[in-house]
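The values are calculated or read from the model by the stated rules, or taken from the named source; none is laboratory data. Computed from a predicted model, the values in this text were never measured in an experiment. Note: ideal-geometry Cβ built from the backbone for every residue, glycine included; neighbour counts use all protein chains shown. Calculation scope for accessible area: heavy atoms of the full protein, side chains included, ligands and nucleic acids excluded. Shrake-Rupley method; radii C 1.70, N 1.55, O 1.52, S 1.80 Å.
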Amino acid sequence: MAELSTAPGTPLVRLAGVGKRFGAVVALRSVDLDVHAGEIVALVGDNGAGKSTLLKIIAGVHPPSHGEILLDGEPVRMATPSDARAHGIEVVYQDLALADNQPVYMNLFLGRELVSGPLRRLDRARMAAETAELLKELDIRIPSPRVPIRALSGGQRQGVAIARATHWGERLILMDEPTAALGVQETARVEDTILRMKERGKAILIVSHSLDQVFRLADRICVLRRGEQVGVRETAQTDGDEIVAMITGLR
Amino acid sequence: MSTAPSTGQAPRREADPPGSVLARVRRVDPRQYVVYVAFLLILAFFAVTLHDDGFLTSDNLLNIARQTAPVTVMAVGMVFVLSAGEIDLSVGSIVALAALVTAIVLRDVGLVPAVAAGLGVGAAVGLVNGLFVTLLRLPSFLVTLATMGLVAGLARWTTDLEAVAVVNDTFASVFGSGDVGPIPSLVVWTIAIVALGHVVYRHRRFGAHVLAVGDNAQAARVTGIDVNRVRLAVLVISGTAAGLAGLLYVGRIQAASYTLGANDLLIVIAAVVIGGTRLFGGAGSVVGALVGSLIMGMLTNGLILMGLDSNQQMVAQGVLLLIAISLTLREPKGA
Ligand SMILES: Nc1ncnc2c1ncn2[C@@H]1O[C@H](COP(=O)(O)OP(=O)(O)OP(=O)(O)O)[C@@H](O)[C@H]1O
Ligand SMILES: [Mg+2]
């Protein structure tokens, strides 16, 4: 199935036996998971189950201790976050990963700042303008793209992090509890954005503690428990009770 | 601005209204301007109280500008270091070693090797600092505390505490007593280094990366910024700037001794912090550091003219420093 990289059935990303050890701590044992273009896969499990660790492996933050990552059927090595970014993979981190004292536009373009002219001068005006446009498109309301992140509310910060990921994530967007800090309306808006990304053919892997949200968004659900992959279910063919039982290990 | 051929993407808009002067003025954080107000107030104070002692004569003002040149150059380097969330305590010691090495090479070899040696000493110490910080993941505070002592020891050792005289008119002219037209060469050095520092800090991607690393190293790393390269770079910049400061001292005094730069560390950090650079990284200003350095220079000069002896000067400087820091560093309530 994976030998023809252009075959429609080839997943955008395939994890094959991916695991991670931190010294003596086994954070993740062995995960096998496919995510296709235009698909939303949810990652659920209790605190410390290894969800963030899995996302960070795909994002190039942690190298896997064992296992393989395949993009379009090709094995890839994600040694640094830059490698993942070059493959069109973006992340909304649980701990946000924003630079508080820098303006919003700089956070959106961090590591990929726009420059102009032969002297490659930073083009702050254009970064600010493009940021304003992007946030407007996503209906994320902030006073100005030039205010520093610390002047924003938790929800607005989350909005900036999501805007950054959706702007740069060509193929795969990883989201670690993207609505944890949000109110009802903001959550609905973010879910809307996620569904629009799916329509545009992007693959999305989302960590969430809200089963309601998982059932609203996901095509499939992958359950982790204490670093162990318990199973993957089609959303249409499972229910909350089964997922809760898989998460807790109780029947 | 409508054509930007060097970047892949076409601009979607003309320079937008938020970039206008009015919008810029409104966006200003008043605390960033305390340093300029303080500068004017201190200038006015000395101008009035020391009127009869000639504080406001152009000779005296030029003298202040010339005397602050080495500190300003170091302060520019320190803006980068502090902005990246690091610190460099070794700058004062580098001044002494770079000065002595320059003077010896100038005496025994020649002008160009002497300049290269002085700058090279600074860059090399900065590189050692940076390698310990990045490869061994040690705090720069401890690494540069150690090299501060180590380099000071080397400086004393090179000549066994002897001073080295410099008799080279070209060197003295370029790095000290000369003029470019009506402007003293030390002032030219100050302007050049501040301008260069400002452009790199505000208008280059490197400057943005320095600020991001100092603000949130984790965030910088996940966006693909090479955090260790930035940390190494700022310490090399600071070391090299201290080396240049050593050259400027030698040029002005026409001699080198292990005591050069001995009292500069505190003044440099004070100048930078008063100038609006956060001690903990993520924000700063090169131009602010220049003004901070001029304030420190004015204070020293004014206090001498007031007839304070060096002990009294230290006390007065400490008091004024506390006042200045309280005004500029106070974090806003609730932040
Ligand atoms: N950098 C690290 N060093 C050592 N151990 C780590 C590291 N990161 C994670 N771990 C450990 O790996 C395990 C899984 O952590 P992870 O952050 O992936 O959990 P999670 O499923 O995201 O939990 P939560 O729902 O609380 O966010 C935990 O036991 C954690 O302590
Ligand atoms: Mg987590």
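A few notes on this one:
- Residue count for region B:155-199, restricted to those that are open to solvent by 40 Å² or more (accessible area, probe 1.4 Å) and under 18 Å from the mean Cα position of the chain (by Cα): 8
- Per this entry, A:Pro63 is not counted among residues that are surrounded by fewer than 22 Cβ atoms within 10 Å (Cβ to Cβ), more than 15 Å from ligand 1 (Cβ to nearest atom) and either of a type in the set (Val, Ile, Thr) or more than 27 Å from A:Gly249 (Cβ to Cβ) (or both).
- Just one of (1) in contact (Cβ under 8 Å) with a residue 40 or more places away in the chain; (2) of a type outside the set (D, E, K, R); (3) more than 14 Å from chain A (Cβ to nearest Cβ) fails for B:Val210. It is (3).
- For region B:71-78, the criterion of being surrounded by 15 or more Cβ atoms within 10 Å (Cβ to Cβ), touching a helix residue (DSSP H, G or I) at 6+ places or on another chain (Cβ under 7 Å) and farther than 13 Å from B:Val272 by Cα is met by no residue.
- Segments classed as strands (runs of 3 or more DSSP E), wholly inside region A:1-102, with at least 1 members that are of a type outside the set (Lys, Arg) and within 16 Å of ligand 2 (Cβ to nearest atom): A:13-22, A:25-35, A:40-44, A:89-92
Residue-by-condition table, conditions (1) within 15 Å of ligand 1 (Cβ to nearest atom); (2) among the polar types (S, T, N, Q):
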residue	(1), (2)
A:Arg164	no, no
A:Met175	yes, no
A:Gln185	no, yes
A:Arg189	no, no
A:Ile194	no, no
A:His209	yes, no
A:Arg216	no, no
A:Asp219	no, no
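- Helices (runs of 4 or more DSSP H) fully within region B:108-201 that include at least 3 residues being touching a residue at least 60 places away in the same chain (Cβ under 8 Å) and of a type in the set (A, V, I, L, M): B:111-135, B:140-158.
- Residues that are open to solvent by 70 Å² or more (accessible area, probe 1.4 Å), farther than 18 Å from A:Asp95 by Cα and touching a residue at least 60 places away in the same chain (Cβ under 8 Å), drawn from region A:174-199: A:Glu199
- Of the candidates A:Arg141, A:Arg120, the single residue that is surrounded by fewer than 21 Cβ atoms within 10 Å (Cβ to Cβ) and at pLDDT below 90 is A:Arg141.
- Boolean, B:Val71 is of a type in the set (A, V, I, L, M, F, W, C), out of contact with any Phe, Trp or Tyr (no Cβ under 6 Å at 6 or more places or on another chain) and at pLDDT below 90: no
- Note on region A:91-104: residues that are more than 10 Å from every other protein chain (Cβ to nearest Cβ) and surrounded by 22 or more Cβ atoms within 10 Å (Cβ to Cβ) amount to 2.
- Flag if A:Arg171 is open to solvent by 30 Å² or more (accessible area, probe 1.4 Å) and in contact (Cβ under 8 Å) with a residue 60 or more places away in the chain: yes
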